[in-house]
1. Give region 127-167 a look and list any residue that's in a strand (DSSP E or B), closer than 12 Å to C252 by Cβ and away from the ligand (no atom under 16 Å from the Cβ), or say none.
2. Could you tell me how many of the residues in region 269-288 are at pLDDT below 95 and surrounded by 15 or more Cβ atoms within 10 Å (Cβ to Cβ)?
3. Considering only residues that are assigned to a strand (DSSP E or B) and not hydrophobic (A, V, I, L, M, F, W, C), look in region 312-328 and name the one that is farthest from the ligand (Cβ to nearest atom).
4. Residue check: is A123 assigned by TED's automatic domain parsing to the domain that holds D39 and surrounded by fewer than 20 Cβ atoms within 10 Å (Cβ to Cβ)?
5. Among the candidates A80, A89, which residue alone is closer than 20 Å to P329 by Cβ and either in contact with a helix residue (DSSP H, G or I) (Cβ under 7 Å, 6 or more places away or on another chain) or within 16 Å of the ligand (Cβ to nearest atom) (or both)?
6. Mind listing just one residue for me: the one in region 336-364 that is at positive phi and near the ligand (Cβ under 10 Å from one of its atoms) and, of those, surrounded by the most Cβ atoms within 10 Å (Cβ to Cβ)?
7. Take the residues of region 44-54 that are in a loop (DSSP other than H, G, I, E, B) and surrounded by 24 or more Cβ atoms within 10 Å (Cβ to Cβ): which is farthest from the ligand (Cβ to nearest atom)?
8. Just for region 90-102: of the residues that are touching a Pro at 6+ places or on another chain (Cβ under 8 Å) and not in a loop (DSSP other than H, G, I, E, B), which one is nearest to R262 (Cα to Cα)?
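The values are calculated or read from the model by the stated rules, or taken from the named source; none is laboratory data. In this text, all values refer to a predicted model and were calculated from it rather than measured experimentally. Here the Cβ positions follow ideal geometry from the backbone for every residue, glycine too, while neighbour counts run over all protein chains shown. Ligands, DNA and RNA are stripped out before the accessible areas are found, and what is left, the full protein with its side chains, is counted by its heavy atoms. Shrake-Rupley method; radii C 1.70, N 1.55, O 1.52, S 1.80 Å.
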Amino acid sequence: MSGDDPELAVGADAFTQQGAGLEVAVVGAGAVGATAAYDLAREGANVTLYDRGTVASGSTGRAAGICYDAFADGLDAELAGDAIERFRALSGDDTFPFVECPYVWLAREGDDERADAVREQVARMQDNGVVALEMEGDALADRFPALRTDDVAVAGIAGAAGYADPGAYAACLAAAATGAGATLETETPVEIRTDPTRVIDSEGEDREVDAVLVAAGAHTKELLAGAGVTLAMKPYRVQALVASGDLAGPMCYDASGDFYLRPHAGGLLAGDGTENREADPDAYDREADDGFADDLVERVAHRVPAIAADASLERAWAGLCTATPDRDPLVGELRDGLFVATGFQGHGFMRAPAIGQRIATEILGGEGIDAFDPTRFDGDEAFEVVSGMALDPN
Ligand SMILES: Cc1cc2nc3c(=O)[nH]c(=O)nc-3n(C[C@H](O)[C@H](O)[C@H](O)COP(=O)(O)OP(=O)(O)OC[C@H]3O[C@@H](n4cnc5c(N)ncnc54)[C@H](O)[C@@H]3O)c2cc1C
């Protein structure tokens, strides 16, 4: 880690630190919890960051690491833009590389509904100040010769985009948190209690704190249920793979084909296979389904002809994302001293640097994000799981 990186510096003056003396437990050392722990600790809070496994042993360690600010909604775009800025500031030889890479999302000829959605999204992004372009097939072919474009009706291109290793990011932020004074407790599953706000660890130690942040990924709902809080969130299973091949860029989401891909040191990383039903975070199948890899490699080869359909598979896996009724996250205070950050619909890594910072600010007494207020739902709402990348209108 870079000792002279200003982004990783510890707050300079203990007397001006907003969190001085505040006891905070952060549950979950994924990208979100590790970021929040760092931002809390450098404001002087007395932070303990717990994980039932190791750092990034949840969804963060299974994520594709694609990042962009290409959101049509103004708040989403602002948060994602802030996150990209922070990825860039934190990235380095001795932290983690953030690789700049354009992001292309596209709809195919004949898929008018998604083509209209792409056009509308680009227009809304431009209205919000996001640097995004609309391109048709020929222009796309000139700009990105690696992509097959003869079947493309329209594409959006976002320049503020790139990818990073999510596990390396979380490890970097967890280390920075401990450098700023936080205590990291791995292999320590905890339970939460309220009135007063407490954390009970696996040794049975019952500790009262000023605030708890539950950033426990797919386990957040069951963890909060133990504290008597019902959350409108459903974990759902997705799959990804790494295959051999040569792809320098761009990153691409083929909305009509329903898959995404990005360059990877081993060739390329691709994913799809969203299961639109609730998964059990303790019992879901962590292996990819039979046939998943063959089918996806074939579809990827259609879009990137240099990837032969018989490209060799390096690995394939499954992991969990978290859905909410309105596809917006649940970030903020649930009850006095009890905070949550979950429900990222497959976009939690790319927003973690900003979400972690915002929830830390709220815990320290600042403003929360109104649109993501977790109390906007009762918790018992019935809703369908919808893939976070799907272009169908909300
Ligand atoms: C295949 C795949 C591809 C993805 N691709 C992308 C992508 O390209 N871009 C993107 O932005 N997002 C992507 N995502 C989504 C992304 O992984 C998540 O949104 C993000 O990692 C969520 O981070 P988190 O910190 O909230 O949760 P997690 O990383 O799940 O961390 C939660 C942590 O809490 C711990 N925990 C749980 N229960 C307890 C307990 N009782 N006590 C203590 N600790 C506990 C877990 O061990 C875990 O480490 C992808 C996800 C998958 C599965």
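1. Passing the criteria: V152, A155, G156, I157.
2. Total meeting the criteria: 4.
3. Ranking the candidates gives E314 first.
4. Judged against the criteria, A123 is not a match.
5. Exactly one residue qualifies, and that residue is A80.
6. The qualifying residue surrounded by the most Cβ atoms within 10 Å (Cβ to Cβ) is G343.
7. Among those residues, the one meeting the criterion is A45.
8. So, considering only residues that are touching a Pro at 6+ places or on another chain (Cβ under 8 Å) and not in a loop (DSSP other than H, G, I, E, B), the one nearest to R262 (Cα to Cα) is V99.
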